[in-house]
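Structure first, commentary second.
The values are calculated or read from the model by the stated rules, or taken from the named source; none is laboratory data. Quick caveat: nothing in here was measured; it's all calculated off a predicted structure. For neighbour counting, all protein chains shown are included, and Cβ atoms are generated from backbone atoms with ideal geometry for every residue, glycine included.
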Amino acid sequence: MTNKQKIAIAVIGGHVIDKEVEDIAHYIGEFVSEVDAILITGGLDGAMEAAAKGCQQAGGITIGILPGTNKADANPYIDIALPTSIGYARNAIVACCADIIVALPGSHGTSCEISYGLIYNRPVIDLGNWNREGMIKVKDICEAETKIKELIVQIKEKRARESGKD
């Protein structure tokens with residue numbers, strides 16, 4: 001049986017962002033919906049909210065992995081709020097749940113999610129000038145879109161191979 005799970009794309013980035021990063025996050029969120037993927041974020045404000053807004057407005061599904069215990073903490077564009085009660089440790093969950101991670105500018109929490117993504121062998125696309133070894137460096141949104149599309153094909157092919165081994 002073929003694995004029919006949707007691709008999950010995490011968009012990670014800071015709580016405090018400028019208009020440029022907000023626009024990029026919103027656009028990436030829209031793109032996640034366009035490629036029929038599920039958006040995963042930390043569920044709060046900043047880049048997480050902008051990406052969720054873009055995805056939801058484009059008809060996509062959004063999941064917020066929240067640090068606390070209250071679903072009401074989620075930004076208004078989260079369709080599925082998953083409180084974890086584990087604070088920043090939830091960054092490991094965000095990274096592990098994703099098939100692809102898109103890293104925007106941020107601070108220590110975003111850096112932590114990048115590290116977990118690399119540990120879990122998830123492709124991490126660098127749209128935030130992180131310049132960390134192991135990340136996929138792209139020069140702009142257009143290049144990020146192309147890379148995400150390539151990765152989706154690779155992931156689906158791998159899933160098809162693995163499901164044929166049953």
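In the range 80-121, the residue that is farthest from D23 (Cα to Cα) out of those that are in contact (Cβ under 8 Å) with a residue 60 or more places away in the chain and charged (D, E, K, R) is D99. L127: among the aliphatic types (A, V, I, L, M), touching a strand residue (DSSP E or B) at 6+ places or on another chain (Cβ under 7 Å) and closer than 13 Å to I12 by Cα, yes or no? It is true that L127 is among the aliphatic types (A, V, I, L, M), touching a strand residue (DSSP E or B) at 6+ places or on another chain (Cβ under 7 Å) and closer than 13 Å to I12 by Cα. The residue of the range 58-95 that is modelled with the highest pLDDT, among those that are loosely packed, with under 15 Cβ neighbours inside 10 Å and in contact with a helix residue (DSSP H, G or I) (Cβ under 7 Å, 6 or more places away or on another chain), is G59. For the range 64-86, state whether one or more residues are within 27 Å of E150 (Cα to Cα) and touching a Leu at 6+ places or on another chain (Cβ under 8 Å). So far as the range 64-86 goes, yes, one or more of its residues are within 27 Å of E150 (Cα to Cα) and touching a Leu at 6+ places or on another chain (Cβ under 8 Å). Taking the stated definitions as given, is E162 surrounded by fewer than 12 Cβ atoms within 10 Å (Cβ to Cβ), in a helix (DSSP H, G or I) and either under 17 Å from the mean Cα position of the chain (by Cα) or acidic (D, E) (or both)? Against the criterion (surrounded by fewer than 12 Cβ atoms within 10 Å (Cβ to Cβ), in a helix (DSSP H, G or I) and either under 17 Å from the mean Cα position of the chain (by Cα) or acidic (D, E) (or both)), E162 qualifies.
Residues to consider are R132, R122; find the one that is in a loop (DSSP other than H, G, I, E, B), more than 17 Å from the chain's Cα centre (by Cα) and not polar (S, T, N, Q). Result of the check over R132, R122: R132.
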